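Here the structure comes first, spelled out in structure tokens, and everything after it is commentary.
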Amino acid sequence: MRDPARPGDRALVSSPPVAPIDSLTALSAARFAVYVHFPYCLSKCPYCDFASTAAKQVPEARYTKAVLRELAVRGSELGPREVQAIFIGGGTPSLWNPVHVREVLQAIGAQLQLAEGCEVTLEANPGAADEARFSGYRAAGVNRLSIGVQSFQPATLTKLGRGHDGAQARRAVAVAREAGFTNVSMDFIYGVQGQTVDEVRRDAEEAVSLGTEHLSAYALTLDSESLAEDVPLAKQLARGEVQLPADDVVVEMQRTVRDVYRQAGLERYEVSNYSKRGYHSRHNATYWTGGDWLALGVGATGSLSERRYSNQRSAEKYLVDVEAGRLPENSRETLTSLERFEERVAMGLRLTSGLDLEATCRQFVQPYEPRRPLVERMLLEGLAVMDAGRLKLTDAGMDVHSAISARLM
Ligand code: SF4
């Protein structure tokens with residue numbers, strides 16, 4: 001372990017604001033992030049397929065110790081890397097005592113070099129928002145809060161099994177500001193059973209009225225993987241007991257969100273993400289721009305060059321593995337050049353800053369010529385534009401992002 005008094009630690013303790021940066025390309029030179037997963041929640045939401053577990057008593061100290069042990073092992077194998085962003089996600093990390101969050105952040109700062117103004121995000125549940133707790137996170141070094149609002153509408157929140165209401169969500173943003181957070185994000189879900197386009201519009205209007213720096217809005221997705229994971233809502237859907245809105249309605253919801261956010265001055269920088277200028281998520285940009293990230297904790301998936309690993313999704317198995325001195329992995333793979341190419345295309349085209357497809361083909365030794373006619377057709381059909389060598393999807397292209405990515409692979 002390095003000296004805890006080195007500059008990285010001071011940066012965490014003084015909790016600097018995240019300085020806005022103008023372009024995602026600023027991340028291109030050296031992209032490395034750390035993801036820490038906190039798997040515990042008060043209850044399990046019926047649509048959730050994250051590595052999360054409902055716990056009456058969260059084993060906070062035991063879990064913290066395990067994460068620190070995992071960090072010590074993985075961090076020692078990394079070599080010199082500068083960390084641009086840390087993200088504490090879950091689960092419900094706002095159940096984690098700030099004292100433990102501080103321990104984890106200090107350990108990351110002691111083991112790895114932190115970039116100046118490193119973005120440090122913690123996901124917070126509106127139901128667990130109080131000023132002392134949020135101030136504790138701020139003092140621990142967290143400089144960005146991501147609040148899981150999902151909706152302000154009582155009916156939608158009930159269907160999602162969320163324990164908070166709209167008033168608590170509004171209060172969570174106010175508490176975050178009182179605690180000194182100048183970079184706050186909110187997450188929303190649309191495409192919920194019984195939800196209308198008008199309700200989605202009202203959520204979007206209320207979201208922008210709160211003035212946060214960043215908003216994410218994702219369509220509810222329940223696929224075969226959700227079914228395999230025994231997600232209750234996916235099983236109800238398969239049995240025909242619930243119905244999600246039709247695809248064209250979901251697209252209309254997505255366009256409604258986009259228009260409301262844009263009219264409020266937010267920039268769409270990724271298919272599902274919007275921000276004030278310079279406030280895009282640096283952590284997620286690491287995924288979208290082909291960076292590496294170290295992942296720690298239950299169910300976390302890390303990516304170091306062509307190597308991928310996933311940790312145990314069961315909290316108990318994770319703890320037992322770490323305590324026995326084993327790496328808590330349940331899988332590890334090395335991606336082929338083609339797999340990495342496909343991932344880069346799919347991720348890169350999610351960004352409005354697009355992708356230099358020819359350069360990506362060269363990087364991963366894939367031929368560009370067979371793809372050229374497809375690109376030309378996309379340009380003709382108005383699904384994309386070519387801007388200084390970068391292929392950028394238009395709004396129409398973003399609506400069919402998955403299909404376009406698949407065609408280019
Ligand atoms: S709070 Fe989030 S992580 Fe926890 S069960 Fe609900 S959706 Fe899953």
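Each value in this text was obtained by applying a stated rule to the coordinates, not by laboratory testing. Please read these numbers as outputs of a predicted model, since none were measured by experiment. Because the Cβ atoms are built from the backbone with ideal geometry, glycine has one as well, and the counts that use them run over all protein chains shown.
Take every pair of alpha-carbon atoms less than 8 Å apart whose residues are at least six positions apart; their mean separation over the length of segment 189-237 yields a relative contact order of 43 percent. Which of these, GLY91, GLY211, GLY290, has the largest mean-square fluctuation under a Gaussian network model of the chain (Cα springs below 10 Å)? Evaluated over the chain, the most mobile residue of the options is GLY211.
Exposure proxy shown here: for PHE188, PHE87, PHE50, the number of other Cβ atoms within 10 Å sets the order, fewest to most, as PHE50, PHE188, PHE87. With contacts taken as Cα pairs under 8 Å at a separation of at least 6 residues, the chain carries a relative contact order of 16 percent. Inter-label distance, GLU376 to GLU82: 4.3 nm, where each label sits 7 Å from its Cα along the C-beta direction. With the simple model of a label 7 Å out from the Cα in the direction of the Cβ, GLU323 to ALA174 spans 4.3 nm.
When cysteine pairs in the chain are screened for C-beta atoms closer than 4.7 angstrom, the residues that find no partner are CYS41, CYS118, CYS361. In terms of other Cβ atoms within 10 Å, TRP96, TRP293 run from fewest to most in the order TRP293, TRP96.
Here the chain is treated as a sphere whose radius is the Kirkwood value from Cα pairs; by Stokes-Einstein at 10 °C and 1.306 mPa s it diffuses with a coefficient of 72 µm²/s.
Of LYS65/LYS317; LYS44/LYS317; LYS44/LYS276, which ones are farther than 26 Å apart at the Cα? Pairs exceeding the cut-off: LYS44/LYS276. Note on ASN97 and ALA403: the extension gain reaches 105.9 nm, defined as 0.36 nm multiplied by sequence separation minus the Cα-Cα distance. Every pair of different Cα atoms in segment 194-313 enters the Kirkwood calculation, which places the hydrodynamic radius at 16.9 Å.
To the nearest µm²/s, what D does Stokes-Einstein give for segment 85-159 at 25 °C and 0.890 mPa s, using the Kirkwood radius over alpha carbon pairs as Rh? Please list the in-between numbers first.
Numbers: Rh = 13.2 Å.
Estimated via Stokes-Einstein, D reaches 185 µm²/s.
Taking every C-alpha pair closer than 8 Å and separated by at least 6 residues, the mean separation divided by the residue count of segment 130-192 gives a relative contact order of 51 percent. Put in line by how crowded their Cβ is, counting other Cβ atoms within 10 Å and starting with the fewest, GLU333, GLU343 read GLU333, GLU343.
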